[in-house]
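What follows draws every value from the coordinates through simple rules; no lab data is involved. Model, not experiment: these values are computed from the prediction. Heads up, the Cβs are rebuilt from the backbone with ideal geometry, glycines too, and the neighbour counts pull from every protein chain shown.
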Protein chains: 2
Amino acid sequence: MSHTVGIRQAQKLKTRQALLDAALRLLEHQSLSSLGLRELTRAVGVAPTAFYRHFADVAELGVALVEETLGSLHGLIGAILAETGDAEVRIARTVDLIARHVREHPAHFRFIARERHGGVGPVRAAIAAQLDAFTEEVATALGREPVSAGWSEEDLRMLAGVYVEHMVMTASAFLSAQETGEPGAPEGPAEEQVARTARDRLRLVSLGRLHWPGRDAGR
Amino acid sequence: MSHTVGIRQAQKLKTRQALLDAALRLLEHQSLSSLGLRELTRAVGVAPTAFYRHFADVAELGVALVEETLGSLHGLIGAILAETGDAEVRIARTVDLIARHVREHPAHFRFIARERHGGVGPVRAAIAAQLDAFTEEVATALGREPVSAGWSEEDLRMLAGVYVEHMVMTASAFLSAQETGEPGAPEGPAEEQVARTARDRLRLVSLGRLHWPGRDAGR
DNA sequence: GTAGTCAGTGAACAGTCGTACTCTGAGTTC
DNA sequence: GAACTCAGAGTACGACTGTTCACTGACTAC
């Protein structure tokens, strides 16, 4: 092989990741615009100046966190949609997927929900870009289905937007549900309630989709 | 009359309102958890200690802002729902109402969108309480309509939640749309695009509502 | 093996922060 | 008109903030 990562760069990446992890932990109880650079480096155990070796801003770190959280999710929803055509199964799988992801990475999703409309511009833009990409993915996936015959591009994007928006709000609902119970509990009753409502909402949208006027004639 | 407000209390209320207004202006570019007490009093033109005569915390001021923004909106949606039964008219009026309110009080709605998942617990709770109240209002208003025959209480609340959630996200979409154009412009093309998508989403939900299985037989 | 790179250190800078004090003087009450 | 109340001013405090600079020393490239 040409060259391994190198001890040097490996250590650098390690502290960089430590910064990201500590930031995520600190951001559970505050928002990014109030996260101090010193507070963060203190939590990691490095000198304040070490921060600048990795990020120019706290905003830049925020953008990196957005990539880390949402970047790995691409293709996941498309996979579910391609997996089966049965609406009920699809709805159940989607909600389960969201529930599991939120349970495994609560801090990540709390961060996204908090900073989506937060005070740091670049982070807001990064989240919006990721969500737009999701919408585009869902739209093309939906467009491939036979049910979507006769749907305009704009209507497809509208529908995809509804689904993406629904996923975000469901994730946020799971977050508030699980902070009601203990963090170690396997599954609280509040979570099951959220899941049921989320499924019902998806059913509602699904029904609307089936009767959308665009498929027969122009409205 | 027994007694007017009194010069004393009137002045107090005036500076209190000045604090709220200045806070709202400062919060357009940052979030509440990073809003400094001194920064705020400096903007108003009073001594830092004067703040304590009105609020114990920045959080308490935030809660007051929530009341000011959402407290005046109760009954508004119910009025629209009672006004006409025609779905298309109702949808148009709702979206227009949101557009107008957001255009008239952009800072208020930005504040709500930002702090709904923000870092200040009491403010989050206050917003959630207000939105829950809205959901309850919408649910009872919907329940009075003949279309809702056979709907369970839970399903009604679910549907009402969809509407409330939709209003919040539409308001937020209008905000991002109008910050694209100049603030003085009467109505940008981006705003009309948002309005069209919002109406389509409402139509979609409306269609789903009409075909909800609960109205005929248990599913 | 030697010269160079560069992640992280530590001290120092000029600010800002929240809050505790005492004090003042206009508005209120009798 | 005298006694009282209380919104706001002013000062002072210790703690914390982001950023700069020169520095060390383990790793890297030749």
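Some notes on this structure:
- From phi via Karplus (6.51, -1.76, 1.60), per-residue ³J(HN,Hα) for the stretch B:9-18 in Hz, x at Gly/Pro: 5, 4, 4, 4, 4, 5, 5, 4, 5, 4
- Positive-pole candidate from A:Thr140, B:Gly188, B:Ser148, dipole of the protein assembly as shown, charges at beta carbon: B:Gly188
- Spatially, the stretch A:139-208 and the stretch A:50-72 are offset by 28 Å when compared through their Cα centroids.
- Copy-to-copy label separations for A:Arg16, where each label sits 7 Å from Cα toward Cβ, in nm and ascending: 5.2
- About the centre of its Cα atoms, the stretch A:13-84 shows a dipole size close to 380 debye [charges on the beta carbon of Lys, Arg (+1) and Asp, Glu (-1) only; nearest 20 debye].
- Over the C-alpha trace of the stretch A:69-215, radius of gyration and Dmax come out as 15.7, 48 angstrom.
- Unit charges at the beta carbon, dipole of the stretch A:7-56: most positive-side option, A:Phe51, A:Leu24, A:Ser34: A:Phe51
- Here is how the number arises for chain A: DSSP H runs of 4 or more residues each give -39500 (n - 2.57), the sum is divided by the residue count, and the result at 222 nm is -22500 deg cm²/dmol.
- Label 7 Å beyond Cα on the Cβ vector: B:Val89 copy-to-copy distances, nm: 4.6
- The Cβ shell under 14 Å around A:Leu40 holds other residues with a net charge of 0, Lys and Arg each +1, Asp and Glu each -1.
- Only Cα pairs under 8 Å and 6+ residues apart enter the sum, and on that basis the relative contact order of chain A stands at 21 percent.
- Whether the protein assembly as shown is rounded, prolate or oblate, judged on the alpha carbon gyration tensor where a/c under 1.5 counts as rounded: oblate
- Signed unit charges on C-beta, dipole axis of the stretch B:69-215, positive-most listed residue B:Val120, B:Ala92, B:Ala82: B:Val120
- A run of chain A free of exposed loop cleavage sites, with GluC sites (Glu not before Pro) counted only in DSSP states other than H, G, I, E and B and at most 14 other beta carbons within 10 Å, reaches its longest extent at A:29-178.
- Dipole size of chain A about its Cα centre, with +1 on Lys/Arg Cβ and -1 on Asp/Glu Cβ: approximately 600 debye, rounded to the nearest 20.
- Point-charge dipole on Cβ atoms (K/R +1, D/E -1) for the stretch A:98-152, about Cα centre, debye to 20: 300 debye
- Copies compared at A:Gly143 - label distances in nm, ascending, label defined 7 Å from Cα in the Cβ direction: 4.4
- Between the beta carbons of A:Asp86 and A:Arg16, assuming R0 = 51 Å, the FRET efficiency works out to 0.70 to the nearest 0.05.
- Interchain or long-range residues, amide H under 5 Å from B:Ser31's placed H: A:Gly119
- Anisotropy class of the stretch A:7-56 from Cα gyration tensor, a/c 1.5 cut: prolate
- Taking the longest Cα principal axis of chain A as reference, the axis of helix A:189-210 is set at about 50 degrees.
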